Amino acid sequence: MAGLGRGRGRGKGYMSFSIEAVGIGKGENLPPSILQPTPLFPPMEHKPVPLVMGEEAEYMLALKQEFRGNMKTLPFYVRQAVSKKDTSLSVDTPVDPKPSKKTRVDKEEIIHKLETLEKKEEEVTSDEEEGEKKKQEEEQQDGEEEYDEEEFEEETDYIMSYFDNGEEFGGDSDDNMDEAIY
Amino acid sequence: MTAQEVRLCGLLLQEHFGEVVERIGTHLLRGGAQNLRTIANETNTPLDLVKKSLCVLVQHGACEFGSGRRGPGSPVEYRANCERVLRVLRYPRYIYTAKTLYGDTGELIVEEVLQRGHMTMSNTVKTVADRLTHNMEEGRSMEYSEVVSAFSKLVETHFLQRCPPVAEMGTAASSTTPSNPDCYKLPHVTLIGRGKRRRSSDDSEEQRGGKKAKMEVESCGDEGIYWQVNFERFHQHFRDQAVISAVASKLDQTSSEIVRTMLRMSEVTTTQTAAYTQPLSANEIFRSLPPNYSISRPILDQYLSLLVDDPVGADLDSPPHIPTLNLQRALANLARATLESVVQERFGSRSARIFRLLLRKRHLEQKQVEDFAMIPAKEAKDMLYTLLSENLVQLQEIPKTPDHAPSRTFYLYTVNQLPTARLLLQHCYKTVANLIERRLFETKENKRLLEKSQRIEAILASLQASGAEPEQLTEVEEMITAPERQQLEALRHHINKLDSTENQVDETVFLLESYIFSTKTK
């Protein structure tokens with residue numbers, strides 16, 4: 001059909017009808033194409049007409065709200081009395097109290113299990129904590145003992161390194177005599 | 001029924017009948033005629049709840065039952081009626097109209113019948129009398145006879161009608177239009193008595209009244225004769241009101257009175273779908289005019305000719321001296337005015353000018369639109385494309401050559417009134433559904449606050465009844481803090497606004513629906 005014609009009007013905005021006919025001039029700026037869905041609450045250019053507020057409108061409003069309220073009290077308002085716990089039941093059998101008991105019993109079991117697990121966890125964690133604490137205490141004690149040893153070796157008031165005669169100082173660097181020793 | 005209609009029906013059913021009925025009703029609306037077992041299985045609802053919901057729907061006329069498709073032996077099938085459910089939106093308008101026409105008694109009668117779907121006359125009379133008595137002052141009560149007279153007036157003017165008799169199982173379902181000739185016949189029932197107050201102080205009266213009530217239950221002979229509201233008659237009334245007010249605003253009060261007289265005279269003789277009223281002679285009109293509008297005969301003739309000559313509101317076809325009202329054209333004019341005002345409010349007055357131009361001139365080219373509307377080319381183009389993207393305006397191609405070459409084709413803008421009216425009607429349904437959803441959302445958000453205020457009101461009421469001191473009352477009142485009070489106030493304001501808006505959108509819905517319906521029956 002002629003409409004497809006690739007031989008006709010090449011150009012960037014090719015359409016099956018001539019654009020001049022609907023009024024877009026040649027080379028005119030078209031509005032940019034939209035790349036996302038339109039906003040949920042688009043801004044309105046024109047403010048809507050204000051509501052009709054009169055005696056009649058208010059009376060009808062009161063009628064409407066009263067009617068709705070009355071309908072809720074009439075027997076026509078069907079309420080679903082039993083909450084469905086087990087939807088896999090076929091429609092014909094009425095909802096038994098037994099399955100609900102069972103699930104309740106199951107729940108209790110599950111809760112019991114959870115509690116025991118929690119206790120175990122607590123024990124484990126408390127064991128771990130105790131272990132950690134003990135280790136920390138031991139470490140501290142070791143540190144203290146070391147400290148004590150150093151002090152109480154000769155019953156002086158000074159630390160033992162006070163009596164060093166500097167022999168150890170600078171003993172490492174005999175290889176490199178370039179460095180100055182201060 | 002469209003998706004928007006089904007969504008709105010679902011919301012209305014949910015608000016008035018609960019979620020179970022809503023589920024069943026929506027399922028029926030979407031799926032067409034189904035039998036009981038299918039409904040129960042597909043909606044995962046227990047059988048007794050399904051039965052209950054179907055009863056409720058049938059009671060209110062929203063659902064019909066009939067024999068199945070596979071012949072008289074197959075199970076009964078149920079069919080939901082979308083239009084009937086949408087009527088629920090218009091209930092306040094019906095009740096208010098009954099009040100304006102027949103006073104408080106009429107209002108309560110219509111309200112009771114609407115609430116219960118179908119009611120017997122005796123039940124209605126008793127309930128209404130009791131309600132009226134409750135609102136009256138001490139010592140006075142409402143006579144049954146007054147209520148009966150209001151009821152009979154409603155039936156005579158066809159606002160209430162008998163429910164069609166239930167078809168037996170195995171026969172084809174009866175049609176919904178009341179083809180039964182006894183549609184408007186009152187049953188021969190004598191109801192004597194007065195309304196009763198529900199209070200312990202009227203013990204002696206109640207005892208006597210109680211005995212009488214028992215006697216009346218036995219003697220009422222109208223078991224099985226149920227009455228329902230005749231919506232079509234109310235719609236006719238609304239349509240007449242719309243036409244009269246349009247004439248009044250376009251011409252003047254006197255011409256609207258003439259039109260009102262003509263419509264009233266042909267009220268009961270014209271069927272709802274008639275395009276024209278019955279032909280009336282000018283003499284009859286002259287005699288039937290209300291006495292305070294004493295105009296002389298020649299002036300009446302002048303007015304009639306004025307109504308004929310008016311090109312826009314021309315709903316009067318006058319073969320010599322036999323004026324009739326062309327109701328179909330009147331409705332079309334009203335619908336067109338609605339469309340024009342919608343375009344004006346949404347897109348501005350210049351777009352509205354273009355729209356009106358296209359409605360009058362049918363098909364126009366781009367250049368012609370600019371010239372006739374006197375709008376510069378660039379802006380006219382912009383507005384036309386906005387209207388085109390909203391589907392309010394269509395492009396029509398008219399080829400000059402058989403190969404539809406684009407350079408040799410006319411492209412004309414046009415507006416088709418009927419499809420555009422349908423489009424706007426669907427928008428209206430969507431609007432109302434959105435309004436209802438927003439109202440439900442606001443109520444749900446502030447549920448805690450609402451419950452608290454209700455509890456406090458109940459406490460206050462009980463304290464006042466038991467005679468508490470003012471300090472206790474103020475103490476209870478202070479349980480609601482000032483910001484909470486403000487919040488409650490704002491919430492009430494919003495909900496009232498949303499409700500009121502629904503009522504007003506429904507007026508547009510009515511106009512568009514009547515117009516579309518009038519074009520169908522040709």
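Annotation: extensible slack from residue B:37 through residue B:250 equals 70.9 nm (criterion: 0.36 nm per residue apart, minus Cα-Cα distance).
Compared with the direct C-alpha span, the chain from residue B:137 to residue B:459 gains 113.3 nm at full extension, assuming 0.36 nm per residue.
Sorted fewest first by neighbouring Cβ atoms within 10 angstrom, B:378, B:126 come out as B:378, B:126. Per-residue Cβ neighbour counts within 10 Å put A:71, A:53, B:119 in the sequence A:53, A:71, B:119, beginning with the fewest. Assuming R0 = 41 Å, what is the FRET efficiency of residue B:390 and residue B:442, from their Cβ-Cβ distance, to the nearest 0.05? Efficiency, rounded to the nearest 0.05: 0.90. Each label was represented as a point 7 Å from its Cα along the Cα-to-Cβ direction; for residue B:70 and residue B:477 these points are 7.0 nm apart. Once the C-beta distance of residue B:400 and residue B:349 is scaled by a Förster radius of 30 Å, the resulting FRET efficiency is 0.25 to the nearest 0.05. Taking each of B:51/B:99; A:47/A:72; A:47/B:361 in turn, the alpha-carbon distance tops 32 angstrom for B:51/B:99; A:47/A:72.
Please rank B:341, B:466, fewest neighbouring Cβ atoms within 10 Å first, as an exposure proxy.
Working: B:341 13, B:466 7.
Placing the least packed residue first, the sequence is B:466, B:341.
Here, each number is a calculation from the coordinates, and none is a lab measurement. Computed from a predicted structure; not experimentally measured. FYI the Cβ positions are ideal-geometry reconstructions off the backbone, even for glycines, and counts take in every protein chain you see.
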